[in-house]
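Enquirer: Before I ask anything, let me first share the structure, which is written out below as structure tokens.
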Amino acid sequence: ARSLLALGRAVEARPYAEALVEAGSTDVNLLLLAAEARVASLDQPGAREILVSLEKSEGRNANVLKRVGDLYAALGDSNEAIAAYRGSLAVDERQVETRVALGRLLARAGDDTAAIRELESVLVTAPNHDSAVVELVGPYRRTGRSRSALPRVVALIRRDVYHFAALIALGEILIDLARENDALNAFERVLRFDPNHGDALRYHRLLQRGRA
């Protein structure tokens, strides 16, 4: 299992990690791989058993807590994932990806104020963090701040003209601002490169229907 891990072949290492954990291994990387295997096989109780043990034994390891949070999120357990992410940041508040993941889950849980706080703090130190910009759009829109989101999304698209998630977000903001023609252009830019893009097609049809 360790040899496969060293070669970056984590998927192949999972069954070996599972067997070693069943045999009593306490190696952190093997435990995480075994937890991933159990998540993938829908063994939720088994995955949670490992994750709870890692939270206890690795409570001062920010990287492990981040991965524990990711696996809780994969299980659909947002509360435990949020707690793990917060625990990780309590150990090392500089972890940008952990804070983005936390903001994303807070937004999905309906806590837009907390999500905005986390994601905006990312952009203070990493102003060009694309995922943080895109994740901020939903909470901004739901709190009536669509106009505030516009400059950041426009700047992202200038950096990456093929960023489909940003183009969809731009279209949504423009709809909020009653700029339907501009929104239609944003969705058409996506469809030009991906004619089957689900969100772009849905919004495009809605706007076209509104014109009829």
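The values are calculated or read from the model by the stated rules, or taken from the named source; none is laboratory data. Here the structure is a predicted model, which means the values were calculated and not measured. Please note: Cβ atoms are built from the backbone with ideal geometry, for glycine as well, and neighbour counts cover all protein chains shown. Calculation scope for accessible area: heavy atoms of the full protein, side chains included, ligands and nucleic acids excluded. Shrake-Rupley method; radii C 1.70, N 1.55, O 1.52, S 1.80 Å.
Enquirer: Could you count how many residues in region 28-40 are touching a residue at least 24 places away in the same chain (Cβ under 8 Å) and either surrounded by fewer than 18 Cβ atoms within 10 Å (Cβ to Cβ) or under 22 Å from the mean Cα position of the chain (by Cα) (or both)?
Expert: So the answer is 8.
Enquirer: Next question, about the same structure. So which of D160, D182 ends up being open to solvent by 10 Å² or more (accessible area, probe 1.4 Å), of a type outside the set (A, V, I, L, M, F, W, C) and over 24 Å from the mean Cα position of the chain (by Cα)?
Expert: The conditions single out D182.
Enquirer: On to the next question. Those residues that are out of contact with any Phe, Trp or Tyr (no Cβ under 7 Å at 6 or more places or on another chain) and under 21 Å from R142 (Cα atoms), I need them from region 185-212; list them, please.
Expert: Hits for region 185-212 are A186, D199, R202, L206, L207.
Enquirer: Shifting gears a bit: If you take the residues of region 102-115 that are part of a helix (DSSP H, G or I), open to solvent by 10 Å² or more (accessible area, probe 1.4 Å) and touching a helix residue (DSSP H, G or I) at 6+ places or on another chain (Cβ under 7 Å), which of them is farthest from R141 (Cα to Cα)?
Expert: L105
Enquirer: Can we say E12 is of a type in the set (D, E, K, R), open to solvent by 40 Å² or more (accessible area, probe 1.4 Å) and not in a helix (DSSP H, G or I)?
Expert: It is false that E12 is of a type in the set (D, E, K, R), open to solvent by 40 Å² or more (accessible area, probe 1.4 Å) and not in a helix (DSSP H, G or I).
Enquirer: Sticking with this structure for a sec: Output the number of residues of region 135-164 satisfying the condition of being in a helix (DSSP H, G or I) and farther than 22 Å from A114 by Cβ.
Expert: Counting residues in region 135-164 that are in a helix (DSSP H, G or I) and farther than 22 Å from A114 by Cβ gives 9.
Enquirer: Run G138 past the list (1) open to solvent by less than 50 Å² (accessible area, probe 1.4 Å); (2) at positive phi and report the number of the one that doesn't hold.
Expert: Checking G138 against (1) open to solvent by less than 50 Å² (accessible area, probe 1.4 Å); (2) at positive phi, the one that fails is (2).
Enquirer: So which residues in region 119-134 are assigned to a helix (DSSP H, G or I), open to solvent by 10 Å² or more (accessible area, probe 1.4 Å) and over 11 Å from A166 (Cβ atoms)?
Expert: Listed by number, the residues that qualify are E120, S121, L123, V124, T125.
Enquirer: So which residues in region 41-78 are in contact (Cβ under 8 Å) with a residue 24 or more places away in the chain, open to solvent by 30 Å² or more (accessible area, probe 1.4 Å) and assigned to a helix (DSSP H, G or I), if there are any at all?
Expert: Selection gives Q44, R48, E55, S57, N63, K66, R67, D70, A73, A74, S78.
Enquirer: Can you pull out the residues in region 61-101 that are in contact with a helix residue (DSSP H, G or I) (Cβ under 6 Å, 6 or more places away or on another chain), more than 21 Å from V39 (Cα to Cα) and of a type in the set (D, E, K, R)?
Expert: Of everything in region 61-101, those that are in contact with a helix residue (DSSP H, G or I) (Cβ under 6 Å, 6 or more places away or on another chain), more than 21 Å from V39 (Cα to Cα) and of a type in the set (D, E, K, R) turn out to be D92, R99.
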